[in-house]
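These notes are about the structure you will find just below.
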Amino acid sequence: MCIYLVWYLYKEFNIKTPNTFFKIKNLIIILSLCFALLFVIPYYYTGSLDFARSLFLIFPTILSIVFIVYFFLVIKKKTKRDRYFKIQTNLGLSSIFSLVMLPALTYFGDFQPITHSIMTSSFFFVTIMEVNSYLYRLKNTYKLDQDIADLYGLTNRENEIVLQIIEGYSYKKIAENMFISYGTVRKHASNIFNKSNCSSRQELIDKVN
């Protein structure tokens, strides 16, 4: 669940990690190896659950602390003065802080009522982020024309981009409107051209019109 939350925050803040250590795939591999080497094997030879758990949680605790610092430095560069972005940033940091507390508390004992509450808090913050993001999109993006989406098999996000292309907006402007990167807009546009069998913006506009 922690890995899922990290993936969601990467996606929400459009984070492309320059450090391969923090990529989702690598985090899964690293934590899986740690579980096998620092929990399963020690528990097999010692028979002590407390010892194996304490040994295993040392690395995730350190990793969590390093991660929250790394995450903060990355999103700090992306945060704008707009109220929406400040809210999303604070909610994201609150969710990550809850995750950091999880291995740290588990290291000292089996406090399930507390750890369950922490995980619930993380998902609660993420839920608020999702609702806030949805309301922001309703307010700042174009009303969807479902006929266009059905005609070419477009996703809602692709449909929003099509409608803004028709309005004559550049990819850079579309990226700003939708709070996504320029590269993401280009990727969506490429998918749109393939689905609609168009080779240019003007051809797409003519066909949709």
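The values are calculated or read from the model by the stated rules, or taken from the named source; none is laboratory data. Owing to the predicted nature of the structure, the values given are computational and were not obtained by experimental measurement. A quick note on method: Cβ atoms are made from the backbone with ideal geometry, for glycine too, and the neighbour counts reach across all protein chains shown. Each accessible area value is taken on the protein alone, full model and side chains, heavy atoms only, with ligands, DNA and RNA left out. Shrake-Rupley method; radii C 1.70, N 1.55, O 1.52, S 1.80 Å.
With a/c under 1.5 counting as rounded, go ahead and sort the stretch 91-209 into rounded, prolate or oblate using the C-alpha gyration tensor (a ≥ b ≥ c being the square roots of the eigenvalues; past the cut-off, prolate if a/b is larger than b/c, else oblate). Note, shape of the stretch 91-209 comes out prolate.
Return one number: the angle in degrees, 0 to 90 and rounded to the nearest 10, between the long axis of the Cα atoms of helix 156-166 and the longest principal axis of the Cα atoms of the chain. In the chain, helix 156-166 runs at an angle near 30 degrees to the longest axis.
Hey, could you grab the Kirkwood Rh for the stretch 9-70? Inverse mean 1/r over distinct alpha carbon pairs, Å, one decimal.
Working: mean 1/r = 0.0773 Å⁻¹.
Evaluated over the stretch 9-70, this radius sits at 12.9 Å.
Under 1.5 on a/c is rounded, so check that first for the stretch 155-209, then, if it is not, pick prolate when a/b is larger than b/c and oblate when it is not; a ≥ b ≥ c are the square roots of the alpha carbon gyration tensor eigenvalues.
Values: a/c = 1.81, a/b = 1.47, b/c = 1.23.
Prolate is the answer for the stretch 155-209, as a/c is 1.5 or above and a/b outweighs b/c.
Here the chain is treated with +1 on each Lys and Arg Cβ and -1 on each Asp and Glu Cβ, and its dipole about the Cα centre works out to around 740 debye. The modelled label-to-label distance between residue 90 and residue 201, using points 7 Å beyond Cα along the C-beta direction, is 3.7 nm. Distance between Cα centroids, the stretch 146-190 to the stretch 88-143: provide it in whole Å. So the two Cα centres are separated by 29 Å.
Annotation: peptides 41-53, 123-135, 93-105, ranked by per-residue average of other Cβ atoms within 10 Å with the highest first, follow the order 93-105, 123-135, 41-53. Considering the chain at the alpha-carbon level, its Rg and Dmax are found to be 21.7, 72 Å.
Taking 0.36 nm per residue of separation and subtracting the current Cα-Cα distance, fully stretching the chain between residue 16 and residue 120 would add 34.8 nm. The label point for residue 132 and the one for residue 156, both projected 7 Å from the Cα toward the Cβ, are 1.9 nm apart.
Computed over protein heavy atoms with a 1.4 Å probe, the accessible surface of the chain works out to 60 Å² per residue.
What residues from the stretch 149-180 fall in the zone where the backbone N is under 17 Å from a label point 7 Å along the Cα-to-C-beta line of residue 209? Counting only backbone N, you get 162-170. Where the alpha-carbon atoms of the stretch 1-107 are placed on the principal axes, they occupy 55, 25, 19 Å, in descending order.
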